[in-house]
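Below is one structure; the comments refer to it alone.
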Amino acid sequence: HNPAILQELAALIAGYRKKSYDVILVHGGGPAINQALIQRGIQWRFIDGQRQTTPEMIEVIEEVLAKDINSMLVKSLCAAGIQARGLSGARDGILFCTQADPELMQVGKVERVDISAIELCLATLTRPTPIMAPIGIGIGGEIYNVNADWAAAQIAIALKVKNLIFLTDQNGILDQDQQLIRKLTPRMIDLLIKD
């Protein structure tokens with residue numbers, strides 16, 4: 001909800017659109033989810049960096065991501081003169097998931113990405129920027145909370161995108177001396193994870 005960051009995001013998207021790139025934005029919403037859970041008196045815990053998601057929590061998470069944050073981003077971009085359309089990985093049948101881990105409960109592992117809703121959006125005359133909430137759906141219609149980075153990566157693979165950009169409040173990947181690592185190969189990343 002920071003106006004300066006939203007302005008910067010709009011400028012970034014506008015810059016890519018001017019160069020005739022299609023931009024797909026996949027957003028998270030950790031702080032807003034925390035706030036909504038606190039307001040409802042719901043406690044949560046993180047396991048290996050993932051929010052354990054109970055059935056009680058998934059309703060709140062879906063509301064925050066697919067309604068509140070998504071519509072706020074769409075309105076904000078439209079106000080900046082960028083055509084945008086809100087999508088949900090579950091409602092629009094994009095992210096098909098299974099349970100990532102029984103202990104994490106309703107955290108989804110993306111098994112399949114159906115890009116038709118995204119392609120349909122980009123095929124319309126004004127080519128609106130799809131703004132997507134990382135909510136997944138299971139085979140029985142169950143709703144899953146999907147890590148936004150995982151969702152973005154899977155969508156990028158499915159769409160065969162040219163560039164995948166992660167926007168974060170962190171400086172990037174840091175080494176053991178807290179210094180920024182500017183370039184990494186997949187092999188180096190695997191070694192860092194092992195270390």
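The values are calculated or read from the model by the stated rules, or taken from the named source; none is laboratory data. Remember, predicted model here, so these are calculated numbers, not experimental data. Quick reminder, even Gly has a Cβ in these numbers, built from the backbone with ideal geometry, and neighbours come from all protein chains shown. In case anyone asks, the SASA skips ligands and DNA or RNA and just uses the protein heavy atoms, side chains included. Shrake-Rupley method; radii C 1.70, N 1.55, O 1.52, S 1.80 Å.
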| said: List the residues, sorted by chain then number, that are 5 or more residues from S88 or on another chain and whose placed amide H is less than 5 Å from its amide H. | reply: A133
| request: May I have the pair-distance distribution P(r) for segment 14-130, computed from all Cα-Cα distances with 10 Å bins from 0 and rounded to whole percent? | output: 12, 38, 32, 16, 2
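With a 1.4 Å probe and all protein chains left in place, how much of the accessible area of the chain comes from carbon and sulfur atoms, in whole percent? Could the numbers behind the result be given before it?
On the way: 6470 of 12200 Å².
So the carbon and sulfur contribution to the accessible surface is 53 percent.
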| request: With no solvent and one equal point scatterer placed on each C-alpha of segment 78-143, evaluate the Debye formula and give log10 I(q)/I(0) for q = 0.17 Å⁻¹, two decimals. | output: -0.62
| query | Dividing the alpha-carbon radius of gyration of the chain by 2.2 N^0.38 Å (N being the number of residues), what value is obtained? | reply | 1.05
| task | Find, among the trypsin sites (Lys or Arg not before Pro) in segment 26-56, those assigned to loop by DSSP (not H, G, I, E, B) with at most 16 other beta-carbon atoms within 10 angstrom. | result | R40, R45
| request: Just flag the trypsin sites (Lys or Arg not before Pro) in segment 91-169 sitting in loop per DSSP whose Cβ has no more than 10 other Cβ atoms within 10 Å. | output: K160, K162
